[in-house]
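*Asks:* The following block contains the structure, expressed as structure tokens.
The values are calculated or read from the model by the stated rules, or taken from the named source; none is laboratory data. Values in this document were obtained by computation on a predicted structure and should not be read as measured data. As a convention, Cβ positions derive from the backbone with ideal geometry for all residues, glycine included, and neighbour counts pool all protein chains shown. Quick note on the areas: whole protein, heavy atoms, side chains included, nothing else; ligands and nucleic acids left out. Shrake-Rupley method; radii C 1.70, N 1.55, O 1.52, S 1.80 Å.
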Amino acid sequence: PNSFAEDVNLGRGDVILEVNKQPVNSEEDFARIESSMKSGQDVVFLVRSRGSSRQDGTIFLAGTLP
């Protein structure tokens with residue numbers, strides 16, 4: 001609650017496929033991308049929503065880091 005993830009509607013179980021057009025294939029990929037981000041930066045996530053299959057498609061979620 002009251003987090004950046006909540007602000008952009010990212011939920012538990014959602015699968016992050018890309019961050020700012022950079023592929024995320026592991027926790028290490030995410031950590032590497034996250035470590036390069038700065039406060040005030042715009043961020044776009046490509047996400048497969050929880051419970052969605054590959055055929056259901058993906059969505060974009062975006063926000064500005066606090």
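*Asks:* Grab the other residues whose beta carbon is less than 14 angstrom from that of Ser36, score K and R as +1, D and E as -1, and report the net.
*Replies:* It works out to a net charge of -1.
*Asks:* Moving to a separate point now. By how many nm would the segment from Ile59 to Phe30 grow when fully extended, if each residue of separation counts as 0.36 nm and the alpha-carbon distance is taken off?
*Replies:* Answer, rounded to one decimal: 8.7 nm.
*Asks:* Which value in deg cm²/dmol, rounded to the nearest 500, describes the helix-derived mean residue ellipticity at 222 nm for the chain, given -39,500 (n - 2.57) per DSSP H run of n ≥ 4 and division by the residue count?
*Replies:* -4500 deg cm²/dmol
*Asks:* Now for a different question. Less than 12 Å Cβ to Cβ from Thr58, Lys/Arg counted +1 and Asp/Glu -1: what total charge do the surrounding residues give?
*Replies:* On the way: positive: Arg48, Arg54; negative: Asp14, Glu18, Asp56.
Counting the neighbours of Thr58, the net charge comes to -1.
*Asks:* Could you work out what % of the accessible surface of the chain is carbon and sulfur, using a 1.4 angstrom probe and leaving DNA, RNA and ligands out of the count?
*Replies:* Details: 2350 of 4840 Å².
Result for the chain: 49 percent of the exposed heavy-atom area is carbon or sulfur.
*Asks:* If you take every residue apart from Asp14 with its C-beta less than 15 Å away from the C-beta of Asp14, what net charge results, scoring Lys and Arg +1 and Asp and Glu -1?
*Replies:* -1
*Asks:* Evaluate E = 1/(1 + (r/R0)^6) for Glu6 and Ser52, where r is the Cβ-Cβ distance and R0 equals 22 Å; express this FRET efficiency to the nearest 0.05.
*Replies:* Efficiency computed from Cβ-Cβ geometry: 0.70.
*Asks:* Compute, for the chain, the length of the dipole vector about the Cα centre, with Cβ point charges of +1 (Lys, Arg) and -1 (Asp, Glu) only. Units Debye, rounded to 20.
*Replies:* 120
*Asks:* Next question, about the same structure. Just to check I understand the Karplus step: with θ = phi - 60° and J = 6.51 cos²θ - 1.76 cosθ + 1.60, what whole-Hz values come out for region 31-43, glycine and proline as x?
*Replies:* 4, 5, 5, 4, 5, 8, 8, 10, 4, x, 7, 6, 10
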